[in-house]
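J.: After the structure tokens below, expect a handful of questions from me.
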Amino acid sequence: MSSPPENPQDNPSKDKAPQKLSGKEKQAAPSTGPWLIILLILVVGSLILMKNSPENTGSKVDYSFFITELNRGNVKSVDFHGDILTGKWKIRPDNPDKEKKEKDDEKLAEEFNTVLPSHPVEDRDLVPELIKQKVIFKAESTNVGIGTYIIPWLIGPLLIIGFFWYMLKRSADPMGGGMLGNFTKSPAKRFHPSEEQTTFDDVAAMEQAKAELQEVVEFLKTPAKFQRLGAQIPKGVLLMGSPGTGKTLLARATAGEAGVPFYSINGSEFIQMFVGVGASRVRDLFKTAKENAPCIIFVDEIDAVGRIRGAGLGGGHDEREQTLNQMLSEMDGFQQNEAVIIIAATNRPDVLDPALLRPGRFDRHITVDRPTKDGREAILKVHSRKIPLSDNVELNKIAAGTIGFSGADLKNLVNEAALSATRLNKDQVDDEDFDNARDRVLMGPPREEILNDKEREMTAYHEAGHALLAWLLPEIDPVHKVTVIPRGRALGVTQLLPDEERYNMGEKHLHSQLAFMLGGRAAEGLVFGEHTAGAADDIKRATQITRKMVGQWGMSDVIGPVAFRHSDENPFLGKEMKSQGECSEETAHVIDQEMQRFMNAADQLAEKILTENREKLDLLAKALVEQEAIDSDDIKRLIGISVREQATIDNADQTSIDDQSENQPE
């Protein structure tokens, strides 16, 4: 049994606050204070240097004006700074610049600066004149010391390196770590329990999986109960199932039941571009988990890090394999650890490394299946709690008509029904909205594509061929709806609605399935004398089933009970690129011949049934051309009840006759 991956009351933002994990329960944000202080010091220092520069001292005057004032005896003191001369006036002279005189002060500043004439026109009489005027003067050396040369060349590169270092710390690790301090820290998130924590009561269905995990909960609550008899609880629990079946929700509910810390991380978050970083993150994760034991570590999509080592195209991945080696060591290393339980989830258990699945690591393997009818009804009740439903909505019927749906699919179905009602401005979601939502999920949204009369007629006969074969073959699921309105990637769709759970199929059912798939092509050839490209997907799916029937399921008398794997597996998932020597060319030729025989037999069966029921085929096609969509009631009105339904009635009548004969007195 299974459940949706998320419940409306299981929003982590409401009942659990995730925090980054970095060896401590709380990780401080990177500080920018030191860099701001350094930048501020550099700016202030630059302003001070500019202000104290000789060129910015007092008023700037021409050298001739300075000589004039010197001859007048109005210079109090001067300082030589190379080719810059600064000084003070005895009495502030008038501003010689008429424009500035009108805009600013009429008098110059008390201090001044000017540029000395350079060689060969330098004034050699300046110093004697200063001495004559009794002006105080001094000179500063213009030679720069060795420290002045070294400091700019040393501090400048250091500041540039420090800037890039700081940027790398912030951007090198998108998972939340730093360049050095936090780069090797685990990015796992810790969820704290609260009053609204998730428990097994919040998980719809999945009774078998919850029963398996109940022992883990009891161990975390009362470990002495198990240790008294020397029992050891499984250290690792592997949840296997299709996407959307509720593996993450089940792990969160386990932590909520036990009332212990819950650390969540995705398998891809261990992997980084540098070899060894993933192993460091694994060590940091387990170190923190041990400090907060007892606790639960949940690794989602563990196949991202736990794939088979040394396999696949290129011989493996060093970083992933080192990370996996460290995880294997932490789970069952030299030091035994019984206070940390690891729960992992994957939908690809076939690519996991055997060392990861052996006893002592992931001891317990729990399969999270798609929900049954009762489970689907419970899941629908969970997701429709906040949705106003009309009185004509029967969730048990909806559950019966959604065979094969996962928890996520059911959640999407309820949401699509609510959106359908919203588009029509309804106050409640009724049965029609759920029917439209199911069509949208299974067949796709309608396309704005206009077919001409010829294409519409050919599409109608194609879908009528599928529908008629499903109506006349008792092994095929009941027909729910047939439409020639383009939906998704198809020009027309024949929708079947299973009326019972099916986990296995026999030869007779598969041969009927092949005939049903080729029914559209057979109808085209029977009516129009030619075949169209619209049967491409039907032929492709029928060929895939036929190959498995002949080469894997042992349903061919010529080949016998032998399995020949088809070499189309992805080599990047730890599989071989091509099977060498698995079967000879002669055997492959025989397999191809058997596949052709199966396909031709199915095509002949479809053509025979359609030829014998040509009138019914024409009636269905005509109704599709006129109405564009018909359901099972329309088909029953046009051509009568189906063979499957007639067989059910006959069996019920025979059972009634048998019961009456048993009750009659001898």
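The values are calculated or read from the model by the stated rules, or taken from the named source; none is laboratory data. Quick caveat: nothing in here was measured; it's all calculated off a predicted structure. We place every Cβ from the backbone using ideal geometry, glycine too, and count neighbours over all the protein chains shown.
J.: Could you tell me how many of the residues in the stretch 481-533 are at pLDDT 85 or above and in a strand (DSSP E or B)?
T.: So the answer is 7.
J.: Here is a further query. List the pairs whose first member sits in the stretch 583-599 and is in the same structural domain as Gln513 (by TED's automatic domain parsing), whose second member is surrounded by 16 or more Cβ atoms within 10 Å (Cβ to Cβ) and of a type in the set (Lys, Arg), and whose Cβ atoms are under 9 Å apart, counting only residues at least 6 apart or on separate chains?
T.: Ile591/Arg547; Met595/Arg547
J.: If only one of Gly529, Gly520, Gly551 is more than 18 Å from Pro478 (Cα to Cα) and in contact with a helix residue (DSSP H, G or I) (Cβ under 8 Å, 6 or more places away or on another chain), which one is it?
T.: Criteria check complete, one pass: Gly551.
J.: Give the residue, chosen from Gly145, Gly181, Gly156, Gly230, that is surrounded by 11 or more Cβ atoms within 10 Å (Cβ to Cβ), over 22 Å from Thr367 (Cβ atoms) and modelled with pLDDT under 80.
T.: After applying the criteria, what remains is Gly181.
J.: Looking at the stretch 356-368, is at least one residue part of a loop (DSSP other than H, G, I, E, B) and crowded, with 22+ Cβ neighbours inside 10 Å?
T.: Scanning the stretch 356-368 turns up no residue that is part of a loop (DSSP other than H, G, I, E, B) and crowded, with 22+ Cβ neighbours inside 10 Å.
J.: Only one residue in Val558, Val482, Val562, Val493 is β-branched (Val, Ile, Thr), assigned by TED's automatic domain parsing to the domain that holds Val643 and under 22 Å from Glu612 (Cα atoms), so which one is that?
T.: Val482
J.: I've got another one for you. Is the stretch 483-496 home to any residue that is within 29 Å of Glu594 (Cα to Cα) and out of contact with any Leu (no Cβ under 8 Å at 6 or more places or on another chain)?
T.: Checked against the condition, which is being within 29 Å of Glu594 (Cα to Cα) and out of contact with any Leu (no Cβ under 8 Å at 6 or more places or on another chain), the stretch 483-496 yields at least one hit.
J.: A further question follows. Keeping to the stretch 105-124, report how many residues are surrounded by 10 or more Cβ atoms within 10 Å (Cβ to Cβ) and modelled with pLDDT under 75.
T.: Residues flagged as surrounded by 10 or more Cβ atoms within 10 Å (Cβ to Cβ) and modelled with pLDDT under 75 within the stretch 105-124 amount to 4.
J.: Oh, and also: Tell me which of these Arg541 doesn't satisfy, since it passes every other one: (1) over 24 Å from Leu610 (Cα atoms); (2) not in a loop (DSSP other than H, G, I, E, B).
T.: Among (1) over 24 Å from Leu610 (Cα atoms); (2) not in a loop (DSSP other than H, G, I, E, B), the lone unmet condition for Arg541 is (1).
J.: Please determine whether any residue of the stretch 269-287 is of a type outside the set (D, E, K, R), touching a Gly at 6+ places or on another chain (Cβ under 6 Å) and either surrounded by 24 or more Cβ atoms within 10 Å (Cβ to Cβ) or modelled with pLDDT of 80 or more (or both).
T.: yes
J.: A further question on this structure: Filter the stretch 622-635 down to the residues that are of a type in the set (A, V, I, L, M, F, W, C), part of a helix (DSSP H, G or I) and under 15 Å from Ile485 (Cβ atoms) and list them by number.
T.: Ala623, Leu624, Val625
J.: Scan the stretch 358-406 residue by residue and report those that are within 18 Å of Ala205 (Cα to Cα), in contact with a strand residue (DSSP E or B) (Cβ under 9 Å, 6 or more places away or on another chain) and among the β-branched types (Val, Ile, Thr).
T.: Answer for the stretch 358-406, where residues must be within 18 Å of Ala205 (Cα to Cα), in contact with a strand residue (DSSP E or B) (Cβ under 9 Å, 6 or more places away or on another chain) and among the β-branched types (Val, Ile, Thr): Ile366, Thr367, Val368.
J.: What is the number of the single condition among (1) closer than 25 Å to Leu357 by Cα; (2) in contact with a Gly (Cβ under 6 Å, 6 or more places away or on another chain) that Glu215 does not meet?
T.: It is condition (2) that Glu215 fails.
J.: If you don't mind, another one. Sort out which residues of the stretch 370-418 are aromatic (Phe, Trp, Tyr) and either assigned to a helix (DSSP H, G or I) or farther than 16 Å from Gly246 by Cα (or both), and write them in order of number.
T.: Scanning the stretch 370-418 gives no hits.
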